[in-house]
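J.: Pasting in a structure now, in structure tokens, and then I'll have a few things to ask.
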Amino acid sequence: METLWFMIVAVMLVAYVVLDGFDLGAGAIYLGAGKTSDERRKILRAIGPVWDGNEVWLVAAGGTLYFAFPLLYASSFSGFYLPLMMVLWLLMLRGIGIELRAHVENPVWVGFFDWIFCVSSVLLAIFFGTALGNVVRGVPLGTDGYFFEPLWTNFRVGPNTGILDWYTVLTGVIALVALTAHGSLYVAVKTDGELNQRVRRVALGAWPLQLILTIVGLVATCYVQPTVLDNYKHYAVGYLIPLVGFGSLGVMFYAIRKGQDKFAFVGSAFYIVGMLVGAAFALYPVVLPASTDPAHRSLTIYNTAAGRHGLSVGIMWLIPGVILAVGYFVLLFRLFRGKVRLEGEGY
């Protein structure tokens, strides 16, 4: 039962990164790719019907974590209190930037909200990548299962860790590049004309950097946390996961060059899935490694899970909820399929 709920939380987090990742990426390229007001409106209309719905998966993952692994929820939310508050403010500012631009005609305020939307999207992508880097690297867990980390210490990986060090900054940059390419390809799917060509060039330009950073990130992860290879050594089928990731990069490159935007976007989505599933597979059954005495202090699915009866009952409530959520998203994307148009007002 603990393994099942670990997989459920992982699927929800992957769904969030794939779905909300493309509108974060669209926000990251918003000022650079949108040269005119109409082009920026097209970018906003591309994500307008779905951006707030995509964040449902983040809320669902947090709620599921609270229900299934309460000690992990308590430990991580107290230890990461400062960055979580920063993420919360960035999410609010991003929503403000999207919503208020449509209600203000003054060019000064329109430009202000454009900057708010773009900068908050960039910072959110970096923060989410940094968060994953902290989980993979490990945190200074105490004997009671709790910890505290300052924002940074000496930027080195070791027992005296901070939220920011060279490794977590690297994972933040990797996330920004990957989501920028992901968002560019989604905008390419939803637009045409000069904007389509411009965002396609952004994705193509990001591709070699994404490949290099992926390789560097994998090497750095093996250096920082050598135990990530243990599950791969015991279950050789796990090596298919990084193959999917690198194969998806090849698909992206081929499809972008051929102008097959949907195919390239699907390749980008599979790249993100491969990287995140690979991290979850490497950590299992650990959900939060300890940077000191990991054998005894790390939080696992077994020492953080709720009672078996509660987990069993939760499955019965989860199934209809997931069916409703998936059905809603299928309907939403079908209703708003095709290229965006500028007729009418709003986004």
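What follows is calculated from the coordinates using simple rules that are stated; it is not laboratory data. Predicted model only: the values in this text are computed from it and were never measured. Cβ: placed from backbone, ideal geometry, glycine included. Neighbour counts: every protein chain shown.
J.: Give me the percent relative contact order of the chain, please, defined on Cα pairs under 8 angstrom at least 6 residues apart.
T.: 24 percent
J.: Name the most mobile residue of Thr130, Thr36, Thr300, meaning the one with the largest mean-square fluctuation, in a Gaussian network model of the chain with Cα contacts below 10 Å.
T.: Comparing Thr130, Thr36, Thr300 in the GNM, the peak value goes to Thr36.
J.: Now a separate question. Could you work out the pair-distance distribution P(r) of region 263-335 from its alpha-carbon pairs, with 10 angstrom bin width and percents rounded to whole numbers?
T.: The percentages, shortest bin first, are 15, 23, 36, 21, 5, 0.
J.: Which one of Gly217, Gly205, Gly245 has the biggest mean-square fluctuation once the chain is modelled by GNM with Cα springs under 10 Å?
T.: Comparing Gly217, Gly205, Gly245 in the GNM, the peak value goes to Gly205.
J.: Let me ask something else. What residues have an amide H closer than 5 Å to that of Leu288, excluding those fewer than 5 places away on the same chain, when H is modeled at 1.01 Å from N in the peptide plane?
T.: Amide H neighbours of Leu288, under 5 Å, 5+ apart: Leu299.
J.: Just to confirm a number: summing +1 for Lys and Arg and -1 for Asp and Glu over residues other than Arg201 whose beta-carbon lies under 15 angstrom from that of Arg201, what do you get?
T.: +1
J.: In the chain, what is the count of Lys pairs whose alpha carbons are under 25 Å apart, counting only pairs at least 8 residues apart or on separate chains?
T.: Close lysine pairs found across the chain: 13.
J.: Starting from the Cα coordinates of region 1-159, work out the convex hull volume and express it per residue in Å³.
T.: 128 Å³
J.: Follow-up question, since we're still on this one. Could you work out [θ]222 nm for the chain from helices alone, using -39500 (n - 2.57) per DSSP H run of at least four and dividing by all its residues? Round to the nearest 500 deg cm²/dmol.
T.: Roughly -25000 deg cm²/dmol at 222 nm, from the helical runs in the chain.
J.: Continuing with the same structure: Using only Cα atoms, find the angle between the long axis of helix 193-224 and the longest principal axis of the chain, and express it within 0 to 90 degrees, rounded to the nearest 10.
T.: So the helix axis and the longest Cα principal axis differ by about 10 degrees.
J.: Which three numbers, in whole Å and largest first, are the semi-axes of the equivalent ellipsoid of the chain derived from its Cα gyration tensor as √(5λ)?
T.: After scaling each eigenvalue by five and taking roots: 34, 22, 21 Å.
J.: Still on this structure: To the nearest Å, what is the center-to-center distance of region 44-123 and region 233-291, using C-alpha atoms only?
T.: Their Cα centres are 25 Å away from one another.
J.: Report relative contact order for region 1-91 in percent, whole number only (criteria: Cα-Cα under 8 Å, sequence separation at least 6).
T.: 33 percent
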